[in-house]
1. Suppose we filter the range 204-251 for residues that are in a loop (DSSP other than H, G, I, E, B) and buried (at least 21 other Cβ atoms within 10 Å of the Cβ); how many remain?
2. Need the failing condition index for Asp197 against (1) modelled with pLDDT of 95 or more; (2) part of a loop (DSSP other than H, G, I, E, B); (3) closer than 27 Å to Ser451 by Cα, just the number.
3. Tell me yes or no: at least one residue of the range 61-79 is touching a helix residue (DSSP H, G or I) at 6+ places or on another chain (Cβ under 7 Å) and either in contact (Cβ under 8 Å) with a residue 60 or more places away in the chain or among the hydrophobic types (A, V, I, L, M, F, W, C) (or both).
4. Please determine whether any residue of the range 321-336 is closer than 13 Å to Lys413 by Cβ, assigned to a strand (DSSP E or B) and touching a helix residue (DSSP H, G or I) at 6+ places or on another chain (Cβ under 8 Å).
5. Scan the range 360-372 for residues that are hydrophobic (A, V, I, L, M, F, W, C) and farther than 11 Å from Leu411 by Cβ and jot them down.
6. Which of (1) on the phi < 0 side of the Ramachandran plot; (2) outside any helix (DSSP H, G or I) is the odd one out, the single condition Ala50 does not satisfy?
7. Out of everything in the range 423-439 that is in a loop (DSSP other than H, G, I, E, B) and of a type in the set (A, V, I, L, M), what residue ends up being surrounded by the most Cβ atoms within 10 Å (Cβ to Cβ)?
8. Tell me, which residue of the range 419-438 that is aromatic (Phe, Trp, Tyr) and touching a Ser or Thr at 6+ places or on another chain (Cβ under 6 Å) is nearest to Ser334 (Cα to Cα)?
Amino acid sequence: MKKGLIASVVLCLCLFLGGCHRMPEPGPGGLNAGDFVQVALNGFDAADQALDHNDYPWSMEVYQADTEGAQSFLYVGTWNRVQQWKGFQDHKPVYPEIRRYRPEISPTTWERVLDTRDLDLSDSDRPHGFRIMKEYRNASDGVKYLYAGGRGDKTTVWRSRTGEPGSWELFYTYNREGSIRSMVIHKGLLYMNYLNDYGLLEDDGGPKNVIFATDGQDVEIVSDDGFGNKNNKGIFAIRSFNGYLYAGTHNPLQGAEVWKLDGPDPNEPPKRVIAHGGPRRLNEAAMTMYEWQDHLYVGTVANHILRMIGGLKPCDLLRIDKNDEWQTVAGPCSIGGERSGFGEKGNSYMWSMCEHNGWFYVGTYDIVTGLTYMLTHPRYLLGMMGIYLGGEKCLTGLQLIFEQGNSGGDLYKTQDGATWYCVTANGLGNHNNYGVRTMRSFEGRLFLGLSNPYDGLEVWASEAGLAR
């Protein structure tokens with residue numbers, strides 16, 4: 001009797017601290033973990049990984065040039081030496097790349113089409129990563145390009161008409177540290193938003209909430225005032241939906257906001273659609289947006305400070321309809337009963353979204369992998385303000401022990417937005433794959449770009465011919 005009581009208490013404690021681990025659920029269709037095969041090994045290849053540390057498949061886009069006989073390719077842009085940007089390593093020069101998938105050569109061949117080592121630029125002038133790519137046919141001259149937004153000491157935009165090696169050119173420079181985080185086509189123009197997410201607590205005197213628009217020739221700023229709220233520290237995502245441009249802000253004090261602007265009436269002022277992080281102020285940024293089934297899905301980021309000093313805090317998923325009514329999809333009072341983070345406490349970002357063969361997929365970033373790394377690197381940990389406050393060190397440590405079994409980025413799927421099934425909760429079997437950073441549906445396959453700053457990025461794809 002006594003032993004049974006002790007066992008019950010221990011079990012309850014484990015469930016309380018660690019949460020109930022989500023297990024894969026096949027569901028009535030769609031893709032399952034076993035349907036994916038690895039098509040990019042760690043960092044693309046061992047020799048290049050040892051040299052460059054290709055850690056993030058930071059951007060992913062399909063592009064077909066206008067030239068006669070041109071093929072359609074899947075392109076991936078990288079972010080390199082990620083740990084040094086987080087304070088774990090001394091800073092060294094970084095040389096991000098853009099590659100494209102060449103399955104006709106081999107199932108794991110990725111051709112390098114842009115190597116920043118070849119640009120002959122200083123580290124301050126060279127992009128440190130390619131965060132977003134977008135195909136866009138210029139309104140100015142009708143020419144189609146593949147555009148790539150860079151991160152660096154200077155925020156740059158690059159482009160190529162053919163996607164071929166040697167064809168890339170610098171299109172635009174915004175002379176501030178940061179990156180182009182999103183690119184969308186809206187009202188015939190290419191819209192881009194600037195964000196300096198490694199200087200969010202600093203002020204260089206310039207506007208933080210900058211949205212640009214270009215016709216392929218001229219670039220103009222269409223919004224830079226934070227929608228009148230000084231606590232909006234940046235724009236994390238933009239998306240064209242229902243005739244308007246929707247923008248998600250980073251607001252760590254009041255919670256993320258979503259605004260709509262630049263609609264059919266050019267004189268109509270911006271309108272706030274979501275305030276205070278939606279269901280919880282803990283949602284500090286509206287990070288990802290995707291239109292699916294007449295709704296705009298919005299993935300959030302859980303507050304950085306609270307998730308460091310108060311235990312693990314997962315993020316939420318929301319959606320907005322064409323009347324600007326919003327609902328919680330995963331989080332408090334959700335439409336289908338899904339909890340925050342899809343029930344996984346380590347899921348602190350809703351990081352990527354994609355529709356494929358009638359199913360909608362959402363990928364997450366799992367902070368457990370990174371926190372575990374921090375706890376084994378005390379020099380960095382001691383520099384984190386508040387990590388040892390009160391009893392939270394013990395609580396967080398216990399949580400990490402119980403959450404380790406499901407560390408690694410997650411992937412979830414749905415057919416209706418309400419009922420969700422877990423595809424993987426552990427980075428497709430590699431706990432160091434801490435997030436599904438990018439996704440694209442291409443030639444009947446769903447491609448997943450997994451970030452891994454320890455072993456190098458991985459790309460997985462559903463096997464050809466699978467249709468469920």
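The values are calculated or read from the model by the stated rules, or taken from the named source; none is laboratory data. Nothing here was measured: the structure is a model prediction, and the numbers come from that model. Note: ideal-geometry Cβ built from the backbone for every residue, glycine included; neighbour counts use all protein chains shown.
1. First, the residues of the range 204-251 that are in a loop (DSSP other than H, G, I, E, B): 204-208, 210, 215-218, 224, 229-233, 242-243, 251.
This time we only want the ones that are buried (at least 21 other Cβ atoms within 10 Å of the Cβ), so: 208, 210, 232-233, 251.
Qualifying residue count, the range 204-251: 5.
2. Unmet condition: (1).
3. First, pick out the residues of the range 61-79 that are touching a helix residue (DSSP H, G or I) at 6+ places or on another chain (Cβ under 7 Å): none.
No, that holds for no residue.
4. Scanning the range 321-336, I find at least one residue that is closer than 13 Å to Lys413 by Cβ, assigned to a strand (DSSP E or B) and touching a helix residue (DSSP H, G or I) at 6+ places or on another chain (Cβ under 8 Å), so the answer is yes.
5. Quick first cut of the range 360-372, residues hydrophobic (A, V, I, L, M, F, W, C) only: 360, 362, 367-368, 371.
Of everything in the range 360-372, those that are hydrophobic (A, V, I, L, M, F, W, C) and farther than 11 Å from Leu411 by Cβ turn out to be Phe360, Ile367, Val368, Leu371.
6. Only one criterion is unmet by Ala50, namely (2).
7. Our first condition is that a residue be in a loop (DSSP other than H, G, I, E, B); within the range 423-439, this holds for 425-434.
Now restrict to residues that are of a type in the set (A, V, I, L, M): 425, 428.
Values: Ala425: 27, Leu428: 21.
Among them, the one singled out is Ala425.
8. So the first thing to find is which residues in the range 419-438 are aromatic (Phe, Trp, Tyr), and the list is 420-421, 434.
Checking the rest, the ones that are also touching a Ser or Thr at 6+ places or on another chain (Cβ under 6 Å) come to 420, 434.
Values: Trp420: 12, Tyr434: 25 Å.
The qualifying residue nearest to Ser334 (Cα to Cα) is Trp420.
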